[in-house]
Structure formats: structure tokens, C-alpha cells
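Any read-out appearing in this document is the output of simple, stated calculations on the displayed coordinates, not a laboratory observation. No experiment lies behind these values; they were computed from the predicted model shown. Cβ sites come from the backbone with ideal geometry, for glycine too, and all protein chains shown count toward neighbours.
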Amino acid sequence: DEEVFIDASRYGIGLYEISQDGISVLSPENVYFVVDPHNIRIVNSYIIFFYFQAYAKTFIKFTIHSAGQIQHLVYEFANGKLGDAWDLVKFPQFEQLAAAFPDGIQPTGIDGLLVVRVDNALSSERYYGRSDYTPTVYGLVEVLDQAFARRREVLGKFARPIPMVPESAMRFDHSRQKWVFKTENAIILKEGSETAAYLTWSAELGSVEREIDQAMTQLLAALKLSRVLIAGENEGQAESGTALRLRLIPTLAKVSKFATALKATLPLVLSLKSKLDASLAGGQAYEPDKVTITLQDGVPEDPAESAQIGLVRAQMLSTLKMAGILDNKAAMRAALGMGIITPEMLQPSTDQAIEGAITQVSADSVEQGGI
């Protein structure tokens, strides 16, 4: 799953491949799409290819995923063009495949394709997602690279100390035609001569530092990354877990989008794998009826803050219940969703028990200052 989402961020699309060997990931760089002319987002076939060497020649192997079948083809490849088709049986690495499917066509017994895609951000003119590594991002990275190089050059030139010594410490090197400072020799100080010291220059780098800071801010915005993720002085600090979460809104929104995509694709991937196994080995396929995606965001929890939030939620729910806006069942669902009550608190499950549990929890919350 991590590989798929790295690909979705880098290429704009990630691809699962389901086969008898398991669930794997396809590199988008090695896949062509055959799309429906009426709707370019509907893929009729996925053509996977890779190059290999045999018989002192270069070959290209195609694996074509279509509805109900997978076709395997091998062509000779030379001078950037496809040559003659070769039989699979001529290659030891494909002997078992050739024996099982002499014509190269592998029936799957599945109506759909055994490739599942995950798109990054889509727009109306695209048939797959947009890469996060846009020309703007590359431009900002280049700006940062140049700014860091300029700063390094200035610091390397002006931060290098220059010795200031009396004349007696210098000697003219005729071979090099320059005055040299011999540190191993004794320095003879005459009356009134200055003490030996090092001279350093203070370089003005304010404009370069501002350029770096502005370019970094723009880069993080383009990548939807929060500055608090960058380790450094005073970075990543917040008054509370909620304050930190607010600063992480761009990043959490992007990660939540990927989690939502995974929740949609993972049941399909598992379903296709089950159907394929049942088709090949015989048996009963299963449909995953409940798939839970848990997002571990790593944001620390503040017990006092959580208690205060629980108190506010309980008071709000109690007010809505007493005002007659929520009935018993609606109040129960809301309380369960907010975590104010647990299913164990609702035994036996009757209207009177539900009403009593909600009323008691709300009263306890007010007395104890939180849940």
C-alpha cells in the first residue's frame, strides 16, 4: 500500500496487480493504458512491458490485462522497434507459462481487470491523476539549490580567517612570488608593533536567507506539507495537540485523501484476489464486508484538553436531548459516535436504559469536569 501511494504522489497514479502469486505493485513507468474513446478514464486494457536479454538479443515481454484474460507476448526488440514474435516455450523462464497456456492467453474467470488503480488529484482533462512533482516544485527546488550554493560560497570566502601579523612574521617566498606567514617560526615583536591576530569578515546574507525562507514556504505549500513537520529550532512546537493538528491541516487533508482512496480500493483488491483464487483452485470466493482503515497521524493527545472537549460534547448532547431536538435513538447514536458512551453502557438496550445512560453520563461529566 505504501508503494502504491508513493507512486500516486510521484507519477499521479498507483497500480495494484492481482495474480495467482499474490498482490503486487506495478510501476507506472512500465504500463500503457488502452482507454475507452468515449470516456478516457475507463481503461479497457493495461499493457505491462519489460525488457530482458536472451540468445544475445534484446526482447520485450508484454503482459496484457483485459477483461476475463491475461495475454503474454514476447517480441524481439532492436533499433527501437519491435521485431518478430517469439514463442514463449523458447525461453526457460516462461516454460511453465507456455505449458499451461500454449497460445499465451491465460483465462482468469473474472469479468473485470486484475489491475486496480489509485489516482492522485484529478482534473477534467486528465485520464489519471496529477503528479505532486510539478514544474513549479522542480523550479522551487532549483531556486533553493542555487540559494544554498550562494550562501555556502559567501560563507566559504568571507568566514575564512586572514592572519594579521607584524612584518617580522612574514617572509617573501621567491619561488611563489608572494609573502608567506610561517607559523612555525618565532615572531619578533618590536616596540609598538601590533599583536598577531586573525581578521574575519561579516558577510551580509540577509537577502539570501529571506530568499531561502520564502522559497521553502512556497515549496511546502506546493507539496501540501506543513512547516511543523520540518525539524529545527521552534519547529513542530504547539500549545496543545489541537493547535498542532490545526497547523497540520494541509498535510492531514492530503493523507486523509489517500486513506479514503485506500478504503475504496482495498476491498476491491481483496475481492478480486479471492475470486481469482476460487477460479484457479476451485472453491468459494468471499466478499470483504467491512474494511477499516486506521489513520495513525502521530499527533499527541492532551488529556486535559480531551476532557474539556468531552465535557462540551456531553453538555451539547444533553441540551439537545432535553430540548427535544434529538430523540433517544438519535442521542444514543450521537453519544456513541462522539465516544461519550460505549456499547457496554447500553445494556439492556431499551429506550429507558438509553435515556438513563445518556442522562447519567451528562451529569457525571458536569460533576467531574470531563469524561
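A few notes on this one:
- Taking 25 Å as the limit for the C-alpha separation, the pairs Lys254/Lys321; Lys224/Lys263; Lys257/Lys321; Lys257/Lys290 exceed it in the case of Lys254/Lys321; Lys257/Lys321.
- Among residues other than Val291 with Cβ under 14 Å from its Cβ, the summed charge is 0 (Lys and Arg +1, Asp and Glu -1).
- 12 Å beta-carbon shell around Ser9, net charge (K/R +1, D/E -1): 0
- Cut-off 10 Å between beta-carbons: net charge of the residues surrounding Tyr127, Lys and Arg +1, Asp and Glu -1: -1
- Potential lengthening between Glu204 and Ser24 on full extension [0.36 nm per residue; Cα-Cα distance subtracted]: 59.4 nm
- Cβ crowding within 10 Å averaged over residues, with 114-121, 32-39 ranked highest first: 114-121, 32-39
- Pairwise label distance in nanometres, Val137 with Arg333, each label 7 Å out on the Cα-Cβ vector: 4.0
- Placing unit charges on each Cβ (+1 for Lys and Arg, -1 for Asp and Glu) gives the range 1-117 a dipole about its Cα centre, and among Asn79, Ile23, Tyr11 the Cα reaching farthest toward its positive end belongs to Asn79.
- Taking a straight line from the alpha carbon of Lys81, these lysines sit under 26 Å away, with near neighbours fewer than eight places off in the same chain left out: Lys57, Lys61, Lys90.
- Dipole size of the range 57-111 about its Cα centre, with +1 on Lys/Arg Cβ and -1 on Asp/Glu Cβ: approximately 220 debye, rounded to the nearest 20.
- Straight Cα distances below 26 angstrom link Lys178 to the lysines Lys157, Lys190, with same-chain residues fewer than 8 positions distant left out.
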